[in-house]
Amino acid sequence: KIDTSMNASRNAMKNLVIDVFNDEEGIDKDRSDYEYDPVNRSIKNGVVVSKAEFSSFVPTTILLSADYSVTDGSIVFEVSRDGGNTWSVVNPDVIHNVSLQPQGKYVVVRATLTGDAELRAWGYSWS
């Protein structure tokens with residue numbers, strides 16, 4: 001459903017994380033406030049923040065892909081390379097330059113969902 005692996009490979013990204021929300025293990029629950037639907041394995045209503053992923057180098061680009069639906073509402077996706085202190089709004093499947101963010105080695109992604117928005121999976125990679 002999401003082309004994270006293919007996009008990461010095509011764009012020479014060095015790391016890859018995929019979360020299909022089979023459970024809430026990859027979510028930083030202390031920084032998130034959302035509804036989890038265990039039947040559909042999806043996120044609804046609120047803010048969901050990934051756990052920080054350590055990078056052995058300072059990332060300059062981040063690519064986020066997502067499987068989501070929105071009819072009456074919205075989803076705003078954001079990425080961070082400094083552990084979630086600084087955020088940049090991104091569009092899915094577009095490489096985003098994060099070199100203007102403070103340097104850091106902890107990649108985090110965040111989604112804010114409103115209305116009937118539903119997030120079923122996300123994946124992200126960086127270089």
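The values are calculated or read from the model by the stated rules, or taken from the named source; none is laboratory data. Note that this is a predicted model, so its numbers are computed, not measured. Cβ placement follows ideal geometry from the backbone for every residue including glycine, while neighbour counts extend to all protein chains displayed. Quick note on the areas: whole protein, heavy atoms, side chains included, nothing else; ligands and nucleic acids left out. Shrake-Rupley method; radii C 1.70, N 1.55, O 1.52, S 1.80 Å.
Give all pairs with beta carbons closer than 9 Å in which a residue from region 20-33 that is at positive phi meets a residue that is open to solvent by less than 70 Å² (accessible area, probe 1.4 Å) and of a type outside the set (A, V, I, L, M); count only pairs at least 6 apart in sequence or on separate chains.
F21/Y36; F21/D37; F21/S42; F21/R120; F21/W122
Answer yes or no: is there a residue in region 88-108 that is closer than 20 Å to E24 by Cβ, in a strand (DSSP E or B) and in contact (Cβ under 8 Å) with a residue 60 or more places away in the chain. Don't jump to the end; show me each part of the working.
Of region 88-108, the ones closer than 20 Å to E24 by Cβ are 106-108.
Cutting the leftovers down to in a strand (DSSP E or B) gives us 106-108.
Going one step further and asking which of them are in contact (Cβ under 8 Å) with a residue 60 or more places away in the chain, we end up with 107-108.
Scanning region 88-108, I find at least one residue that is closer than 20 Å to E24 by Cβ, in a strand (DSSP E or B) and in contact (Cβ under 8 Å) with a residue 60 or more places away in the chain, so the answer is yes.
Kindly list, by first and then second residue, each pair from a residue in region 53-73 that is in contact (Cβ under 8 Å) with a residue 40 or more places away in the chain and in a strand (DSSP E or B) to a residue that is hydroxyl-bearing (S, T, Y) and open to solvent by less than 50 Å² (accessible area, probe 1.4 Å), limited to pairs with Cβ atoms under 6 Å and residues at least 6 apart or on different chains.
T61/S127; L63/S125; L64/Y124; S65/T4
Which ones in region 68-92 are more than 22 Å from F57 (Cα to Cα) and surrounded by 12 or more Cβ atoms within 10 Å (Cβ to Cβ)?
Matches in region 68-92: Y68, S69, V70, G73, I75, V76, F77, P92.
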